[in-house]
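Asks: Here you go, one structure.
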Amino acid sequence: MSVGYNTKKLVWKRDKGCCFYCGCKLTWETKTVDHVIPRSKGGTSRAWNIVISCFTCNQNKGDSDPTKEQLDTILRWKVAHEMKNSLEKAIAIAKLNGSPEEVEELFKLREELRGIILATRPMAVPLPPTELILNRFTSLAQ
Ligand SMILES: [Zn+2]
């Protein structure tokens with residue numbers, strides 16, 4: 001599965017055009033994209049598993065596993081992406097059944113999650129307490 005254009009744009013913005021591995025500055029033309037968990041090991045082409053990489057680091061990494069730090073980083077993005085997807089559903093429900101304050105609260109949480117999804121160092125950004133709030137709306141949906 002190849003990496004979609006929208007995914008490339010998102011990770012380019014998130015990684016600020018720098019190689020995830022060595023930090024060197026790249027251009028859109030010179031960058032490559034890399035699967036942190038290799039495709040050969042079940043890695044997906046979703047944005048949380050894709051990073052901007054220079055050609056050399058991409059070649060050197062090959063099919064090797066990410067380091068613990070690299071894995072922690074992408075799993076943080078994964079959690080934020082998944083929470084945001086759940087939040088989109090909760091927002092749809094809240095628009096029908098919730099108060100304006102609740103909708104506003106969910107929008108605020110979505111912004112916080114966007115902050116993590118687009119953070120070069122997501123571990124530095126605290127996760128918002130999304131689960132508690134989501135439970136309220138997912139129970140409404142049943
Ligand atoms: Zn590099």
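What follows is calculated from the coordinates using simple rules that are stated; it is not laboratory data. Note that the structure is predicted; figures quoted are calculated from it, not measured. Please note: Cβ atoms are built from the backbone with ideal geometry, for glycine as well, and neighbour counts cover all protein chains shown.
Asks: More than 13 Å apart: what percent of Cα pairs in the range 40-92 qualify? Write down the numbers at each step before the final one.
Replies: Working: 940 of 1378 pairs.
Roughly 68 percent, rounded to a whole number.
Asks: Can you give me the orientation-averaged projected area of the convex hull built on the Cα atoms of the chain, in nm²? Before the final figure, lay out the partial values.
Replies: Numbers: hull surface 38.1 nm².
Value for the chain: 9.5 nm².
Asks: Pop a pseudo-label 7 angstrom from the Cα along the beta-carbon direction at both Trp28 and Glu131 and give the gap in nm to one decimal.
Replies: That separation, rounded to one decimal, is 4.0 nm.
Asks: Report the percentage of all Cα-Cα pairs in the range 5-61 whose separation exceeds 12 Å, rounded to a whole percent.
Replies: Numbers: 947 of 1596 pairs.
When all Cα pairs of the range 5-61 are counted, 59 percent exceed 12 Å.
Asks: With only Lys, Arg, Asp and Glu charged, each at its Cβ (+1 for the first two, -1 for the last two), find how big the charge dipole of the range 68-141 is about the Cα centre; round to the nearest 20 debye. List each step's numbers first, then the result.
Replies: Details: 11 positive and 11 negative charges, 49 e Å.
It comes to approximately 240 debye.
Asks: Oh, and also: Distance from the Cα centre of the range 89-109 to that of the range 1-62, in angstrom?
Replies: Between the Cα centre of the range 89-109 and that of the range 1-62, the gap is 34 Å.
Asks: Based on the Cβ-Cβ distance of Asp63 and Arg114, what FRET efficiency does E = 1/(1 + (r/R0)^6) give at R0 = 35 Å, to the nearest 0.05? Provide the component values of the computation, followed by the final result.
Replies: Details: r = 32 Å, r/R0 = 0.90.
Efficiency computed from Cβ-Cβ geometry: 0.65.
Asks: I've got another one for you. Among the listed pairs Lys41/Lys78; Lys9/Lys84; Lys9/Lys95; Lys8/Lys89; Lys8/Lys95; Lys13/Lys78, give every one whose C-alpha distance is greater than 20 Å.
Replies: Values: Lys41/Lys78 17 Å; Lys9/Lys84 18 Å; Lys9/Lys95 30 Å; Lys8/Lys89 25 Å; Lys8/Lys95 31 Å; Lys13/Lys78 16 Å.
Violating the 20 Å Cα-Cα cut-off are Lys9/Lys95; Lys8/Lys89; Lys8/Lys95.
Asks: Using unit Cβ charges (K, R positive; D, E negative) and no other charged atoms, how large, in debye to the nearest 20, is the dipole of the chain about its Cα centre?
Replies: On the way: 22 positive and 16 negative charges, 89 e Å.
The calculated dipole for the chain is roughly 420 debye.
Asks: Where does helix 130-141 land angle-wise versus the long Cα axis of the chain, in degrees 0 to 90, nearest 10?
Replies: 50
Asks: For the range 68-141, with equal point scatterers placed on the C-alpha atoms only and solvent neglected, what are the log10 I(q)/I(0) values from the Debye formula at q = 0.15, 0.19, 0.24 1/Å, to two decimals?
Replies: -0.49, -0.72, -1.00
Asks: Of Leu71, Ala90, Thr30, whose Cα points farthest to the positive end of the dipole of the chain (charges on the beta-carbon: +1 Lys, Arg; -1 Asp, Glu; origin at the Cα centre)?
Replies: Looking along the dipole axis, the top candidate is Thr30.
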